[in-house]
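Notes to accompany the following structure.
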Amino acid sequence: MTAATAPQARRQPLWFLMLFALAAGGGSVAYVPLLTVLLPLEITQLRGSEDVPALAWVTFFGAIIASLSNIAFGMLSDWSKTRLPWVVGGLITSSLLLIGIGHARDLIELIVLIMAWQLALNMMLAPLVAWAGDCFPNSQKGMLGGALSLAPALGAMAGSLVTFETFVGVEYRLELVAVIVATLVLPVIVLGKGRVQAELMEDRPQAQDDAAPLMRSIVVRMWIARFLVQISEAGLFAFLLFWLRSLSAGIHENAAANIFSIVLIVSVPLTILCGRWSDRSERPILPLAVTALLSAAGLSVMAASGGLQMAIAGYVVFGIAASIFLSLHTAQTLRVLPKPRHRGRDMGVFNLTNTMPSMVMPWLTLALVPGFGFTGLFALFASLSVIAALLLATAPVRR
């Protein structure tokens, strides 16, 4: 892939890379414990036996707001030519709203608070991701992707921490989440000022000449490939426990949670190694194609497995490969976007690959599982991952 910046763009120090990774982890902590554990508990308290449809409505409206606000605040940070004030504003506002969610008196109030919280959260997240493109040169995009793999692992660990009742009382869980998020995000804001590089703010030369269609091609391929892999990721995130119990009815929910956490933790060093290799070899797209193919392999094992052990082995392969793919993909997307002045907006458009699968996946599940079981669903997911791998492996731009 042709370098997007002038050769004089300097590498950032390791301490700044790690602080940014922790800040990205703070973004994950901001929503993972709430959406996976604390929000369902809040809804159960408000609606009792009607919790499932209520959760569906809250999740649906929240996903719409997240999709639109991520693009909007990305555009605003582009327009204002500054990112960090938006990050600070989003951090403060989303933290206050997060605490307010615990005091909702009915479902309507909860939905309004969740939508407002999603708006504020994306005021922080959208400029933060775009800021990485302003600071880190292409020679560090692989390492950046590796560092970003820490984010989902921190989110999962935070979910376990805030539900550990001997550590924190039930009434203070959301407050603890807000404190953890601020602790992770603030250091990079305070110490990372002045890290934007002018060379990284210049448009790609390709955007001005005959190579522009080539760049549009790789951008489109990157978007479609991530969307296809994310459908599988969203499906397994939602239905992992149900699938495991279809193979072994006695499996405990804690076992499923432990498998999920182990996969995320193991993927961190592997992603860092893959990212470092892609930087040194100047082959940023190849690891994406390989991990998409490995995701398909893991899903195929899951589809064919008749026993619990083989099923878990297939999930581990899929989970690690998909985690590596998604982390590296985020960093390499910053590489292929042709116009830095629209970087925030364009990353917001790529964020749709994170939110739209949650809207698509339930319909696929309802269409396939009753007639074909999870075997049919996983076979479809494997096919989608193969298509993603082919799109990237045949991309016209490689370095």
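The values are calculated or read from the model by the stated rules, or taken from the named source; none is laboratory data. Everything numeric here is computed off the predicted structure, so don't read it as measured data. FYI the Cβ positions are ideal-geometry reconstructions off the backbone, even for glycines, and counts take in every protein chain you see. Heads up: the accessible areas ignore ligands, DNA and RNA and are worked out on the full protein's heavy atoms, side chains in. Shrake-Rupley method; radii C 1.70, N 1.55, O 1.52, S 1.80 Å.
Filtering Val360, Val349 for residues that are of a type in the set (Val, Ile, Thr) and at pLDDT 85 or above leaves a single hit, Val349. When restricted to residues that are farther than 14 Å from Leu144 by Cβ and surrounded by 21 or more Cβ atoms within 10 Å (Cβ to Cβ), the stretch 315-335 contains 8.
Residue pairs whose Cβ atoms lie under 7 Å apart, sitting 6 or more positions apart in sequence or on different chains, and linking a residue in the stretch 27-41 that is under 14 Å from Ser94 (Cα atoms) and part of a helix (DSSP H, G or I) to a partner that is charged (D, E, K, R) and open to solvent by less than 30 Å² (accessible area, probe 1.4 Å), do not occur here. In the set Leu184, Leu113, only one residue is crowded, with 18+ Cβ neighbours inside 10 Å and closer than 29 Å to Leu328 by Cβ; that residue is Leu184. Go through the stretch 266-283 and give me each residue that's without any contact (Cβ under 8 Å) to a residue 40 or more places away in the chain and within 14 Å of Ala21 (Cβ to Cβ). Passing the criteria: only Pro269. Considering the stretch 87-104 alone, what residues qualify as being buried (at least 23 other Cβ atoms within 10 Å of the Cβ), farther than 14 Å from Val29 by Cα and not small (Gly, Ala, Ser)? Answer for the stretch 87-104, where residues must be buried (at least 23 other Cβ atoms within 10 Å of the Cβ), farther than 14 Å from Val29 by Cα and not small (Gly, Ala, Ser): just Val87.
With respect to being crowded, with 20+ Cβ neighbours inside 10 Å and at pLDDT below 80, Gly235 fits the description. Does Gly344 satisfy the criteria of being touching a residue at least 12 places away in the same chain (Cβ under 8 Å), touching an Asp or Glu at 6+ places or on another chain (Cβ under 8 Å) and of a type outside the set (A, V, I, L, M)? So Gly344 passes the test.
The helices (runs of 4 or more DSSP H) found wholly in the stretch 107-163 and carrying at least 1 residues that are within 22 Å of Asp78 (Cα to Cα) occupy 107-135, 141-148. In summary, Leu368 fulfils each of the numbered conditions (1) more than 16 Å from the chain's Cα centre (by Cα); (2) in contact (Cβ under 8 Å) with a residue 12 or more places away in the chain; (3) open to solvent by 50 Å² or more (accessible area, probe 1.4 Å) with the single exception of condition (3). Filtering the stretch 88-136 to residues that are touching a Phe, Trp or Tyr at 6+ places or on another chain (Cβ under 7 Å) and not polar (S, T, N, Q) leaves Leu97, Leu98, Ile101, Ile111, Met115, Leu121, Met123, Ala126, Pro127, Ala132. Under the condition of being under 22 Å from Glu42 (Cβ atoms) and open to solvent by less than 10 Å² (accessible area, probe 1.4 Å), the residues counted in the stretch 123-157 number 2. In summary, Ala104 fulfils each of the numbered conditions (1) in contact (Cβ under 8 Å) with a residue 24 or more places away in the chain; (2) in a helix (DSSP H, G or I) with the single exception of condition (2). Selection within the stretch 238-280: residues that are at pLDDT below 75, in contact with a Leu (Cβ under 7 Å, 6 or more places away or on another chain) and not small (Gly, Ala, Ser). The member of this set that is most open to solvent (accessible area, probe 1.4 Å) is Glu253.
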